[in-house]
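Structure first, then comments.
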Amino acid sequence: MIALELSHVSKSFASRGQSLEIMRDVSLTVQAGEFLVVVGPSGCGKSTLLRMIQGLETLSSGSVRVGAGEATTRGFVFQRDGLYPWRSVLRNVMLGLELAHVPVSEAKPRAEAMIDLVGLRGFEGHYPNELSGGMRQRVNLARALAIDPDMLLMDEPFAALDALTRENMQQELIRISAAAGKTVILITHQIDEAVLLADRVAVLGARPSHILDIVRIDLPRPRTLDLKRTPEFQAYVDGIWTMVTQAETETRVGG
Ligand SMILES: Nc1ncnc2c1ncn2[C@@H]1O[C@H](COP(=O)(O)OP(=O)(O)OP(=O)(O)O)[C@@H](O)[C@H]1O
Ligand SMILES: [Mg+2]
């Protein structure tokens, strides 16, 4: 089953009276349950792409089709956690359900189950300022999952975390996405994170960006962190690394 289909997507922004072409003719199909990671040089339009999938940004041309059309729910995890400081962990996780008018009697147990899933049982009553960065990102993830979205869209969700917490969260995400069976589209700057998590990695080129390559990661699952030390893993990282650095150079030469 197809979860997402981008066809000939192009995007330009009007900027200071000029049109800035961000993306040219991007086509991509994502299967239901697939974990797709998008990498590419800074400013090539990754966040814009995710926002177009989310429906928060218009396309200049082409089309975005999500599996079940308008009815498809999408959970969004931003780089910076969007938690409300005056709401407890539980009430932050319940937010999306409240907005969807799910009755509290149903919303509460569902939120609690998600808090459990991300490993935060016992912290339901805590407030965001009482949590570490990694814990806040887990709350973020629990909130996105609570609405039981068909698709999870994650824009550099771990960028603000230290290396150790980040690896921890990578492992958590592997566990959670396998357990929840969601279609996930995740953006990252870290190539090893991309290879560890992805079924496929889409490599975007310099602006106006286009798909340079889509690399299928044929590494066994469930994946653990020691996989990073294998030559097979490193070969994937090196290959993608070369493409991205080449694209970065083009960005600098080109403008
Ligand atoms: N609303 C907007 N109006 C005008 N230009 C915009 C707008 N949003 C983004 N841009 C431009 O579009 C380009 C792509 O931005 P985007 O945030 O999608 O890049 P990115 O690949 O996510 O970058 P990074 O890796 O740094 O997060 C940038 O040049 C940015 O300045
Ligand atoms: Mg971005």
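Laboratory data are not the source of any read-out in this text; all were calculated from the coordinates shown. From a predicted model like this one, the values you see are computed outputs, not experimental measurements. Here Cβ is always computed from backbone atoms with ideal geometry, including for glycine, and neighbour counts include all displayed protein chains.
Tabulated values for the structure
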| item | result |
| --- | --- |
| Nearby lysines by direct alpha-carbon distance to K46 (threshold 19 angstrom, same-chain neighbours under 8 apart not counted) | K11 |
| Between helix 89-99 and the chain: long-axis angle, C-alpha atoms, 0 to 90°, nearest 10 | 70 degrees |
| Using alpha-carbon coordinates, inclination of helix 133-146 to the longest axis of the chain, degrees | 90 degrees |
| Relative contact order for the chain, counting Cα pairs under 8 Å that sit 6 or more residues apart, in percent | 26 percent |
| Long-range HN-HN contacts of A198 with modeled amide H, under 5 Å | none |
| Fully extended contour minus Cα-Cα distance, from K228 to Q31, at 0.36 nm per residue | 68.4 nm |
| Within the chain, helix-based [θ] at 222 nm, where runs of 4 or more DSSP H residues each add -39,500 (n - 2.57), nearest 500 | -12000 deg cm²/dmol |
| Reciprocal of mean inverse Cα separation for the stretch 161-242 (Kirkwood radius, Å) | 13.5 Å |
| Rg ratio (alpha-carbon, reference 2.2 N^0.38 Å) - the stretch 29-99 | 1.35 |
| Taking V201, V64 and counting other C-beta atoms within 10 Å, the order from fewest to most | V64, V201 |
| Debye, to nearest 20: dipole size of the stretch 129-241, +1 on Lys, Arg Cβ, -1 on Asp, Glu Cβ | 140 debye |
| Percentage relative contact order, the stretch 138-255, counting C-alpha pairs under 8 Å, at least six apart | 22 percent |
| Mean shadow area of the chain, taken as a quarter of the surface of its Cα convex hull (nm²) | 14.6 nm² |
| Charge dipole of the chain about the Cα centre (unit charges at C-beta), most positive-ward option of P231, P128, T29 | P128 |
| In degrees, nearest ten, helix 104-117 long axis to first principal axis of the chain (Cα) | 60 degrees |
| Most fluctuating residue given options R110, R221, R136, as computed from a GNM of the chain linking Cα atoms under 10 Å | R221 |
| Fraction in percent of alpha-carbon pairs per bin - 10 Å, the stretch 1-125 | 11, 32, 29, 22, 7, 0 |
